[in-house]
Amino acid sequence: MEILLSPSTQATVERIIANPPQGLLLEAPQGSGKGYLAKYLSLQLLGLGPKAQTAGKIITVMPEKGTIGIDAIRGLQADLKLKMTSDHMPNRVIIIEDIAAMTGEAQNAFLKMLEEPPVGTILLLTAVQRHQVLPTILSRVQILEIHQPTKEQIAEFYTGKVPKEQVERNYHLSGGRMGLFAALNDQNEEHPLLASITLAKTLLRQEPYDRLVQLQSVTERQDVETLLEGLSIVIRAALHGAARQRRQAELQRLNDMNALVMQLQDSLAYTPQTKLLLTHLAINM
């Protein structure tokens with residue numbers, strides 16, 4: 001299982017593998033490859049190869065419809081009661097993707113698990129920003145802030161695997177975020193940010209009424225957040241192209257659009273009215 005990390009992140013990962021904590025939080029922007037790194041770390045910590053059977057050894061909990069509820073944590077508690085037969089230590093890794101999506105009830109139940117984890121079990125959590133996580137959880141985990149590789153590192157890593165022009169294009173579109181970069185290379189439509197980028201490109205070509213109709217399918221708060229991030233990525237990539245070609249009128253339009261998306265991202269943090277937010281977006285893009 002190959003992975004490309006910045007030198008500082010690689011050094012920290014090697015220290016973690018040599019001396020693993022019982023709780024670890026991977027922190028990085030959306031699309032940075034936190035989930036992939038969590039899987040890579042899990043295999044390394046368990047001493048397993050990429051094709052090894054991991055049932056019961058690696059347990060992953062992910063949001064469903066934007067949240068991780070109490071039932072998911074209760075199911076996890078039941079899984080942890082099962083005894084592991086492996087002599088290897090650690091012998092089990094729990095991955096919680098996007099811990100900020102946990103409900104309050106689920107976070108309280110998970111905190112008890114974090115306070116007294118089963119022997120040989122390591123808890124790997126992911127989050128976009130640490131401030132989204134309860135301080136009582138943060139105080140019990142080591143935090144690994146993931147730094148992205150440089151453009152030169154990425155180009156060297158993909159030499160002979162991906163055409164140079166494709167690397168250049170996908171680097172600017174992804175902003176150097178390795179999870180999104182890999183999804184763009186593989187055309188992995190299951191990656192949520194890649195799907196949002198496709199939708200963002202469609203919205204940018206549409207008239208306001210058509211955008212309003214298109215956005216009716218975006219109902220979950222997490223989907224709104226991902227869409228805004230996708231729009232931000234597409235607009236920044238377009239700004240890069242317009243700046244290189246000195247298209248001043250387009251630069252102004254894109255800067256205005258970027259400011260709108262940033263404003264809506266800030267508003268999303270405290271407004272429950274996502275439909276009103278999307279309507280404002282559709283009309284003012």
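Some notes on this structure:
- When 273, 248 are checked against the criterion of being exposed (fewer than 14 other Cβ atoms within 10 Å of the Cβ), under 21 Å from residue 172 (Cα atoms) and not hydrophobic (A, V, I, L, M, F, W, C), a single residue qualifies: 248.
For every residue, the table says whether it meets (1) on the phi > 0 side of the Ramachandran plot; (2) not acidic (Asp, Glu).
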{"position": "17", "(1), (2)": "no, yes"}
{"position": "42", "(1), (2)": "no, yes"}
{"position": "49", "(1), (2)": "no, yes"}
{"position": "58", "(1), (2)": "no, yes"}
{"position": "62", "(1), (2)": "no, yes"}
{"position": "66", "(1), (2)": "yes, yes"}
{"position": "71", "(1), (2)": "no, no"}
{"position": "78", "(1), (2)": "no, yes"}
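- Matching helices (runs of 4 or more DSSP H) fully within region 175-276 where at least 3 residues are in contact with a Gly (Cβ under 8 Å, 6 or more places away or on another chain) and either in contact (Cβ under 8 Å) with a residue 12 or more places away in the chain or not assigned by TED's automatic domain parsing to the domain that holds residue 36 (or both): 178-186, 192-205, 221-244
- Single unsatisfied condition, residue 144 versus (1) modelled with pLDDT of 90 or more; (2) surrounded by fewer than 17 Cβ atoms within 10 Å (Cβ to Cβ): (2)
- Applying the set (1) touching a residue at least 24 places away in the same chain (Cβ under 8 Å); (2) assigned to a helix (DSSP H, G or I) to residue 156 leaves exactly one unmet item: (1).
- Whichever residue in region 6-27 is aliphatic (A, V, I, L, M) and either in a helix (DSSP H, G or I) or free of Cβ contacts under 8 Å to residues at least 40 places away in the same chain (or both) and, among such residues, is farthest from residue 141 (Cα to Cα): 11
- Verdict on residue 68 being aliphatic (A, V, I, L, M) and under 30 Å from residue 223 (Cβ atoms): yes
- Screening the candidates 49, 66, 104, 35 for the property of being farther than 29 Å from residue 227 by Cα and surrounded by fewer than 19 Cβ atoms within 10 Å (Cβ to Cβ) yields one hit, 49.
The values are calculated or read from the model by the stated rules, or taken from the named source; none is laboratory data. Please read these numbers as outputs of a predicted model, since none were measured by experiment. Every residue, glycine as well, gets a Cβ built from its backbone with ideal geometry; the counts of neighbours run over all protein chains shown.
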